[in-house]
Amino acid sequence: MVKTRRIITTLLRLLALGATLSATVVMVTSHDSADVLNLKFSAKYTNSPTFKFYVIAEAIATGYSLIVLFLSSKSLVWRLIVILDVVIAMLLTSSISAALAIAQIGKKGNSHAGWLPICGQVPKFCDHVTGALIAGFVAAIVYLVLNLYSLHAVLSPLFPVKP
Amino acid sequence: MAPQSGTEKPMFGYGSISCKAKSRWSWTMVGLRLLAFLATAAAAVVMLLNKQTKTFVIATVGTTPVNLTLTAKFQHTPAFVFFVVANGLASIHNLLMVMVDLFGSKVDYKGLRFAMIAILDMLNVALVSGGANAAAFMAELGKNGNSHARWDKICDRFGRFCDRGGGALIASFVALALMLIISVISIVKVLKSNK
């Protein structure tokens, strides 16, 4: 019972590690430039503080997943890990929702504020950012599932045995 | 688990904590939840009623000025709509938890009560944090604009809209901190009652 629990949590953490790592890397390597009329449009992830926050948050989550994968044998810090998982899940959901909000404006614009969409001018940048956002979304969902599983696995001795 | 005939040891568990300990510890939780409910409700309501109309003079034809009336509403931005929805749902959750804490100490289903409270608290922390952060970065975009994407800032023209949105954001971040503390306490309760 303990072994299956350990295997499933390790698998989930590996999945989350892969997702956060790919989100960070894809966002960092996204850049594109275009020449429209006389203006030079160059788009990098550093142009927007939201995407910088996204990269930092995913990098923190990657480092945390890596550290926890390597110390999952001791049971003394396991309670702290459960609580830190909740904090990291909160961080991941906040970074993905902020980046989604800004990316939605970049794709559709906001006519009320007079903001034009930029995806027409820099399509490669938009595709890269979309990929990074999908990876980040998967990472957030995996961390939520991991939290639910941890809470369920902690509680299973509480459930009474059915006769 | 019937108590033994001699002494009755107090165990951790909602029904069997002695009256003195229950009043100190769980009144703190009820107070925190009440504060979180007020903060999320305030954030949702302030953002819901956030609207500013302003008339601009954009040209002068002869001697008559040509006016243009623009309105800034929260519905124009999907991030603010999500902010209102998330804070509304979280305030409903907090209210429900306060009711359960005050009036529902007899309600239990196979020991699932701690589990459901901890899980729901965690889900609502994620929800509120998503809404608050999306709205915060959207507000930062409205305040500073983005020169690389040629997006102008709007806070210099709609100052009151921005101020009210900022107030709602502050309330939501306070609620987020409170709900994180509440969620950690709920999880610690679950872990303790398991040992």
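Every read-out reported here was derived from the displayed coordinates using simple, explicitly stated rules and does not represent laboratory data. Keep in mind the model is a prediction, meaning the values are calculated, not measured. So basically every Cβ, Gly included, is an ideal-geometry build from the backbone, and we count neighbours across all protein chains shown.
See the values below:
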| read-out | value |
| --- | --- |
| Per-residue average of Cβ from other chains inside 10 Å of A:77-87 | 3 |
| Convex hull projection area averaged over all views, the range B:63-195, Cα basis, nm² | 11.9 |
| Relative contact order (%) - the range B:35-194, alpha-carbon pairs under 8 angstrom, separation at least six | 34 |
| Burial ordering of A:Cys119, B:Cys162, fewest other beta-carbon atoms within 10 Å first | A:Cys119, B:Cys162 |
| Percent of alpha-carbon pairs separated by more than 34 Å within the protein assembly as shown | 38 |
| Residue of B:Thr69, B:Thr28, B:Thr40 that the Gaussian network model of chain B assigns the largest fluctuation, springs spanning Cα pairs under 10 Å | B:Thr69 |
| Rounded to 10°, Cα long-axis angle of helix A:49-70 versus longest principal axis of chain A | 30 |
| Using distinct alpha-carbon pairs, which all enter the 1/r mean, Kirkwood radius of chain A in Å | 17.5 |
| Where trypsin sites (Lys or Arg not before Pro) fall in DSSP loop in the range B:82-186, at most 10 other Cβ within 10 Å | B:Lys106, B:Lys110 |
| Gaussian network model of chain B, Cα within-10 Å springs - most flexible of B:Met47, B:Met116, B:Met29 | B:Met116 |
| Partners for B:Lys153 among aspartates and glutamates (Cα-Cα distance below 20 Å; same-chain residues under 8 apart left out) | B:Glu140, B:Asp163 |
| MRE, 222 nm, helices only [DSSP H, n ≥ 4, -39500 (n - 2.57), over chain A, to nearest 500] | -25000 deg cm²/dmol |
| For the range A:18-33 and the range A:102-153, distance of Cα centres in Å | 12 |
| For the range A:36-45, Karplus couplings with θ = phi - 60° (6.51, -1.76, 1.60), whole Hz, Gly/Pro x | 10, 6, 10, 8, 9, 8, 10, 10, 10, 5 |
| Prolate/oblate/rounded label for the range B:139-179 (Cα gyration tensor, a/c 1.5) | oblate |
| Gaussian network model of chain A, springs between alpha carbon atoms under 10 Å - residue of A:Ser42, A:Ser94, A:Ser30 with greatest fluctuation | A:Ser42 |
| B:Trp151 long-range amide H proximity, modeled H, under 5 Å | B:Asn146 |
| 5 angstrom amide H check on A:Ser42, placed H, neighbours 5+ away | A:Ala34 |
